[in-house]
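The structure under discussion appears below in the form of C-alpha cells.
The values are calculated or read from the model by the stated rules, or taken from the named source; none is laboratory data. Bear in mind the structure is a predicted one, so any value in this text is a computation, not a measurement. Accessible surface is based on the protein model in full, side chains and every heavy atom, while ligands, DNA and RNA are left aside. Shrake-Rupley method; radii C 1.70, N 1.55, O 1.52, S 1.80 Å.
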Amino acid sequence: YLKYISSYWLNKKNKQLSYEVSLNNLKKGMDNGSYRKDINPELLARIFSERIDMIFNGVVFKAGEATFTEVFQQMMNHYILGIVTDKGRSYYLNLQKNLIKWIKLLQYYFFQFFLYCQCSGIYRRDVI
C-alpha cells in the first residue's frame with residue numbers, strides 16, 4: 001500500500017516540477033522572442049508535463065516498439081517547432097545540428113576508449 005502511495009506522490013511531484021520548468025521556459029522564450037506570443041504558456045506547460053509522463057510510464061510505448069531517444073526526439077521536435085518564431089526555429093535547428101556533431105564525436109571517442117581498454121586488458125568481458 002505504501003509503495004503505491006509513494007509512487008503516486010513522486011509522480012505528482014515530478015509532474016509539478018515538469019510543469020513549473022516548462023512554464024518558466026515558455027515565459028522566458030516568449031519574452032526574448034524565441035516563442036510565439038499567441039501561445040497559452042499555462043496550457044502548453046500542462047500538456048508538455050503530461051507528454052513527458054506518457055513517454056516514461058510505458059503504457060503508450062511498450063519496450064521494443066521504439067527507443068526512449070526516438071520517442072523523446074520526435075516529441076520535442078513536434079512540440080518545439082510548433083511554438084517557435086523564425087528566430088527560435090533557426091536557433092533550435094542550429095542547436096540540433098551541433099548536438100548531432102557532438103554526439104557523433106562522443107561516440108567515436110567512446111569507441112576508441114573501448115578499443116584501447118579491450119586491447120590493453122583493462123576491459124575484461126568476464127567482469128561485466
If the reach is capped at under 30 angstrom between alpha carbons, list the lysines near residue 104, excluding any in the same chain fewer than eight residues apart. 62, 87
Assuming 0.36 nm per residue, please report the length gained on full extension of the stretch residue 69 to residue 25 beyond their Cα-Cα distance. 13.7 nm
Which three numbers, in whole Å and largest first, are the semi-axes of the equivalent ellipsoid of the stretch 9-62 derived from its Cα gyration tensor as √(5λ)? 24, 12, 8
Within the accessible area of the stretch 26-98, what % is carbon and sulfur when the probe is 1.4 Å and the other protein chains stay in place? 58 percent
Cα gyration tensor, the stretch 8-110 - rounded (a/c under 1.5), prolate or oblate: oblate
What is the set of long-range amide H partners of residue 35 at a cut-off below 5 Å, with H atoms built 1.01 Å from backbone N? 30, 85
Among all the lysines, which ones have a C-alpha under 20 Å from residue 12's C-alpha, if same-chain residues fewer than 8 places away are not counted? 3
